[in-house]
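Okay, so here's the structure we're looking at.
The values are calculated or read from the model by the stated rules, or taken from the named source; none is laboratory data. Note that the structure is a prediction, hence the values are computed from the model and not measured. What goes into the accessible areas is simple: the full protein's heavy atoms, side chains included, and nothing from ligands, DNA or RNA. Shrake-Rupley method; radii C 1.70, N 1.55, O 1.52, S 1.80 Å.
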Amino acid sequence: MDSTFDPIALRWILIALVVISFAFDAWLDRLNLKHSALPVPERFSELYDSEKRGKSLKYEQAKYSFGLVDGLITTGLTVAALALGWAGALDRFVRRYTDNAIVTSVGFFLVLGLLSSLISLPFSIYGTFAIEARFGFNTTTPSTFVIDKIKGLLISAVVMSILLGTITWLYSIDRKSTRLNSSHGYISYAVFC
């Protein structure tokens, strides 16, 4: 029995998962926002400053609205990338520079991560310097913001390189058991993190 997937079916499965994930996250965020606006139980009312709570609720509403726009754009770009075969184009781009399977897989995901970070950068800047600043929650300076982003990218690159390099290396040794173990590892990570 052939264990390969039809690429077109796999593409539509991935698109469906991306859309379902966005819809589920948006629903959960809306549910959390709705419940955070409920009145504070009377026995705890003396612990809350009503002015600060009101400000916090307005901040959460602004964050939710902005997050929804951010999510719609990001999800739209992800769906477009999958539907139009941009992942294949990125794979061909990375393969131009190496034939090594480990370097190719690590390079593919590093470039993908970098592109994703660049796409999300304007949203991150607006969220930090416009929304948080409007409510007085921003203590980040532009230089701290840039340094934090660079540190985050470097840490992600190192961790992803080690994990993906190891998985690809194990897969090259024993394809069947590595595929199963990698799937279990990814699912565990996705569920618990």
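Length gained on full extension, Phe145 to Arg53: 30.4 nm, using 0.36 nm per residue less the C-alpha separation. Lysine pairs in the chain whose alpha-carbon atoms fall under 16 angstrom of each other, counting only those eight or more residues apart or on distinct chains, come to 4. Is the shape of the range 61-155 best called rounded, prolate or oblate, per the rule: a/c under 1.5 gives rounded, else a/b larger than b/c gives prolate, else oblate, with a ≥ b ≥ c the square roots of the Cα gyration tensor eigenvalues? Verdict is oblate for the range 61-155. Relative contact order, whole percent, for the chain stands at 23, derived from Cα pairs under 8 Å and 6 or more residues apart. Treating each Cα of the range 1-66 as an identical point scatterer and ignoring solvent, apply the Debye formula and state log10 I(q)/I(0) at q = 0.21 Å⁻¹. Taken in order of the listed q values, log10 I(q)/I(0) reads -0.91.
If each DSSP helix of 4+ residues adds -39,500 (n - 2.57) and the sum is divided by the residues in the chain, what number results at 222 nm, nearest 500 deg cm²/dmol? Spell out each step's value before the answer.
Working: 6 runs with 150 residues, N = 193.
The helix contribution divided over the chain gives -27500 deg cm²/dmol.
If you roll a 1.4 Å probe over the chain with all protein chains in place, what percent of the accessible area is carbon or sulfur? Whole-percent figure for carbon plus sulfur exposure: 68.
Per residue, the accessible area of the chain comes to 75 Å², computed with a 1.4 Å probe over protein heavy atoms only.
In the set [x] 14.8; [y] 12.8; [z] 26.4, the label that goes with mean projected area of the Cα convex hull in nm² computed for this structure is [x].
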